[in-house]
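Everything on this sheet refers to the single structure shown next.
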Amino acid sequence: MTVRYPSLMRWMHWTMGLLIVIVLALGLLMGRVEPGPVMNTLFDLHRSFGLIALGMIIVRAWLRWRGPLPPDVPGMPPLQTLVVKIVHLGFYGILLALPVLGWLGSSAYGAPVIFFGQFTLPALIGPDKVLASQLFFLHEVGAFTLIGLIILHVVGVLYHQLVLRDGLLHRMGPF
């Protein structure tokens, strides 16, 4: 029987997955609509959900590193285990960096970061359109890198589930 992750970690994994899909979808959509109220709303939602993601990834990283976690999958080759660890570290790094880059970019652009219309977060840096452009470029590169990591992650899980049939999905499965 495969040892499972704690239920809180599993819940956070699937909730973060849904949240990341929402944030990425909003990010892709907001640049494809005409400037105006709809675009502004999409930006505000993207920022707000991004801030929730930042809070969740901080909690998730704390939970992961405080342990205990299930042992590595038995029989997994060392190279594959290394790739898994690198992909997971990549997830944590990017999921921490993306909201910060977005907040920094918004600050440099002079756009307020308003959390679901309830309160405005402080600007992290002063206005600087050139810096804003650079930060948003890094934010976008990070987002597409995240998409690549998600694809690797899903392909890996499918490989374990459909080819190896080793019960890996059960470790993080919602049920």
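The values are calculated or read from the model by the stated rules, or taken from the named source; none is laboratory data. Here the structure is a predicted model, which means the values were calculated and not measured. Reconstructed Cβ throughout: ideal geometry from the backbone, glycine too, with neighbour counts over all protein chains shown. The protein model used for the area step is the full one, side chains on, heavy atoms only, and it has no ligands, DNA or RNA in it. Shrake-Rupley method; radii C 1.70, N 1.55, O 1.52, S 1.80 Å.
Summary table below
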| read-out | value |
| --- | --- |
| Tabulated pairs, the range 107-125, first free of Cβ contacts under 8 Å to residues at least 40 places away in the same chain, second surrounded by fewer than 16 Cβ atoms within 10 Å (Cβ to Cβ) and polar (S, T, N, Q), C-beta under 8 angstrom, 6+ apart or interchain | 112/120 |
| Test set (1) at pLDDT 95 or above; (2) open to solvent by 20 Å² or more (accessible area, probe 1.4 Å); (3) of a type outside the set (Ser, Thr, Tyr) - residue 53 fails condition number | (2) |
| Failed item in (1) open to solvent by 30 Å² or more (accessible area, probe 1.4 Å); (2) at pLDDT 95 or above; (3) among the β-branched types (Val, Ile, Thr), with residue 20 passing the rest | (1) |
| Filtered residue count, the range 61-80, keeping only those that are without any contact (Cβ under 8 Å) to a residue 40 or more places away in the chain and either of a type in the set (Gly, Ala, Ser) or loosely packed, with under 10 Cβ neighbours inside 10 Å (or both) | 10 |
| Qualifying residue in the range 86-106 (condition: assigned to a helix (DSSP H, G or I), farther than 19 Å from residue 149 by Cβ and either at pLDDT below 90 or not small (Gly, Ala, Ser) (or both)) | yes |
| Selection status of residue 150, under 18 Å from residue 10 (Cα atoms), out of contact with any strand residue (DSSP E or B) (no Cβ under 7 Å at 6 or more places or on another chain) and at pLDDT 95 or above | yes |
| Subset of the range 112-167 (residues that are within 15 Å of residue 100 (Cα to Cα), open to solvent by 50 Å² or more (accessible area, probe 1.4 Å) and part of a helix (DSSP H, G or I)) | 131, 133, 134, 136, 137, 138, 140, 141 |
| Odd one out for residue 84 among (1) open to solvent by 40 Å² or more (accessible area, probe 1.4 Å); (2) closer than 18 Å to residue 154 by Cβ; (3) free of Cβ contacts under 8 Å to residues at least 40 places away in the same chain; (4) not small (Gly, Ala, Ser) | (3) |
